1. Compute the acute angle (0 to 90°) between the alpha-carbon long axis of helix 62-71 and the principal axis of greatest extent of the alpha-carbon atoms of the chain; round to the nearest 10°.
2. So who's got an amide H within less than 5 Å of the one on residue 77, skipping anything under 5 residues away but keeping other chains? H placed 1.01 Å off N, in plane.
3. Under a 10 Å cutoff between Cα atoms, tell me which one of 45, 179, 57 has the largest fluctuation in the Gaussian network model of the chain.
4. Under 13 Å from the Cα of residue 114, which aspartates and glutamates turn up, not counting those fewer than eight places away in the same chain?
5. How far is helix 101-113 tilted off the main Cα axis of the chain, in degrees rounded to 10, range 0 to 90?
6. Along the charge dipole of segment 7-106, which of 51, 34, 85 sits closest to the positive end, that is, farthest toward it, with unit charges on the beta carbon of Lys, Arg, Asp and Glu (+1, +1, -1, -1)?
7. If you look at just the Cα atoms of segment 6-133, how large are its Rg and its Dmax in Å?
8. If I fit a long axis through the Cα atoms of helix 168-182 and take the longest principal axis of the Cα atoms of the chain, what angle between them do I get, 0 to 90°, rounded to 10?
Amino acid sequence: MLWPDAIRKNVKTGPDREVIAVYPYRSACPKTVWRRLISEANKELTFAGYTNYFLWLENPNLRGVLRRKAEVGCRVRFLLGDPDSDVTRRRESVEGVPLTVGTRIRITIDELSKIADVPGIEARYGDDHIAMSVFVFDDEMLVTPHLAHLVGHDSPMLHIQRQQEDGLYDRFAYHVTELWNGARTITDLVPR
């Protein structure tokens, strides 16, 4: 019977049903997707990217949005690389670009310091996520596995929505939880 095979090819029925979209480059994901995910999140916003630098450039008034989200009970977390770590220095050597990894991290820290007085906004250092960024928006996430010698915007990205237990979403959520639990609080994040 051909009909069920044709349906299976066009309708997601297995673990892949959690994959909403795939982009060959993170930069190919429309800004409208990022804005929608950030604006619609009510429970959790987790930005586990090594620098998260691009977020401030591509999302107008991100500080104000994060402040409002946290003030109504949304948990906002940033997991960053340590700008002074050996991992960061090695990555800067690989990338060899003028806007260094450490500088990009410090820009995010500077942005976060402007909202550090808001309860519910947390930031930690952890170098173990240098090879993959995971951005969580309630039950959706964007995942970027970083390819060798490429910066984040040149690496592919998956848009995932939780549909089942122990699926892709839960596996990546576990990864972020473990990294977060092993990370250390950024103590030099001083409110301004």
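1. 80
2. Residues meeting the criterion, in which the H sits 1.01 Å from N, are 45, 46, 47, 122.
3. 57
4. Within reach: 122, 188.
5. Here the helix axis deviates by roughly 80 degrees.
6. Of 51, 34, 85, it is 34.
7. Calculated on Cα positions, Rg and Dmax stand at 16.9, 55 Å.
8. 20
Just so you know, all these numbers are worked out from the coordinates, no wet-lab data involved. Since we're looking at a predicted model, the values are computed, not measured. With ideal geometry, Cβ positions are generated from the backbone for all residues, glycine too; neighbour counts draw on all protein chains shown.
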